[in-house]
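First the structure, in the form of structure tokens, and then the observations on it.
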Amino acid sequence: MTSVAGAQVSSAFNNNRQRSMAQRWELDTLTSAGTFVFTPYKPIYILPFRWSSQPNDRPYSGNPSEGYVIPEGQDFNNIEAKFQISFKVKILQTIFGRYGDLWVAYTQKSHWQVYTSSLSRPFRETNYEPEVILNFATNLKMFGFTNRMTGVSFNHQSNGRPMPLSRSWNRIIFHAGFTKNNWQVYLRPWIRLPDDAKGDDNPDIVDRIGRGDVTVTYSMGRSDLSFIGSSNFSFNRHFSGYAEAAWSYRLFGNLKAYLQLTHGYGETLIDYNNRQTTIGLGVSLIEWN
């Protein structure tokens, strides 16, 4: 049994070359791998070099309570390492007759001050993001695209740190996926679940990071392009959000060169109210496509 399960995990991850949305989310009987098989979710990458225009040396929270006041900052390096792992597992399928799959997913993103020997090379920030996702296959034509999936998820994200550096939030996220030729588009509006006002780590997080995001990907031969953008939908002087663009180029096998650019608020939870521009260079193993 172990060898069969290992082969399923290996096959799901190693046969990732330009996987369609239908393959990634098993939207028809031809693409279904069954339940309890580890499959890719978000990109998996390692950036040994990531530069920031504004390292968050003294994080602060929008919560005015004394417990969130940081007495002094750290002298962080502009250059650090960054990596992300992400996977999902389908635990139930066709739960409403012929429709509906239930997935659990996990994403972890870490920022490592590996070049800062004066601080003993600490992990500056790690975000943990478990998720429960209910997904439905669809086949609707809209504006030249095909809506291939819709659904809803419960999402928790936190950095697992004590006060005053604790950051977390819970969301109900609605999603819809669209395809057209080599294009894939994911739309995700969300509702933040309320926290206790006194113990809210980041009461103004949606005003900075946003109330939804869009992910757009395009595949062309050995290269993949992706863009993620979020917005608070305040189209005035209070407009805010986050943008991330990435380019990957297949080197050999599943190994790809990877370039990532970001700008705005919320690259990590501790940076939810720190606006910065970053550039990262490294390798990736899994992409959106």
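Observations, loosely collected:
- Identity of the residue in the stretch 110-127, assigned to a strand (DSSP E or B) and out of contact with any Ser or Thr (no Cβ under 7 Å at 6 or more places or on another chain), that ends up most open to solvent (accessible area, probe 1.4 Å): TRP112
- So SER166, is it crowded, with 18+ Cβ neighbours inside 10 Å and in a loop (DSSP other than H, G, I, E, B): yes
- Subset of the stretch 47-96 (residues that are among the basic types (Lys, Arg) and either at positive phi or in a strand (DSSP E or B) (or both)): ARG50, LYS82, LYS88, LYS90
- Filtered by the rule that a residue be touching a residue at least 60 places away in the same chain (Cβ under 8 Å) and aromatic (Phe, Trp, Tyr), the stretch 248-289 gives TYR258, TYR272, TRP288.
Table: residues versus (1) modelled with pLDDT of 95 or more; (2) aliphatic (A, V, I, L, M); (3) open to solvent by 30 Å² or more (accessible area, probe 1.4 Å); (4) not in a loop (DSSP other than H, G, I, E, B).
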residue: LEU140; (1), (2), (3), (4): yes, yes, yes, yes
residue: THR146; (1), (2), (3), (4): yes, no, no, yes
residue: PHE154; (1), (2), (3), (4): yes, no, yes, yes
residue: GLN157; (1), (2), (3), (4): yes, no, no, yes
residue: LEU187; (1), (2), (3), (4): yes, yes, yes, yes
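- Residue match in the stretch 125-136 (condition: touching a helix residue (DSSP H, G or I) at 6+ places or on another chain (Cβ under 8 Å) and not charged (D, E, K, R)): yes
- Any hit, the stretch 211-221, residues being in contact (Cβ under 8 Å) with a residue 24 or more places away in the chain, farther than 26 Å from GLY160 by Cβ and exposed (fewer than 15 other Cβ atoms within 10 Å of the Cβ): yes
The values are calculated or read from the model by the stated rules, or taken from the named source; none is laboratory data. Here the structure is a predicted model, which means the values were calculated and not measured. With ideal geometry, Cβ positions are generated from the backbone for all residues, glycine too; neighbour counts draw on all protein chains shown. Calculation scope for accessible area: heavy atoms of the full protein, side chains included, ligands and nucleic acids excluded. Shrake-Rupley method; radii C 1.70, N 1.55, O 1.52, S 1.80 Å.
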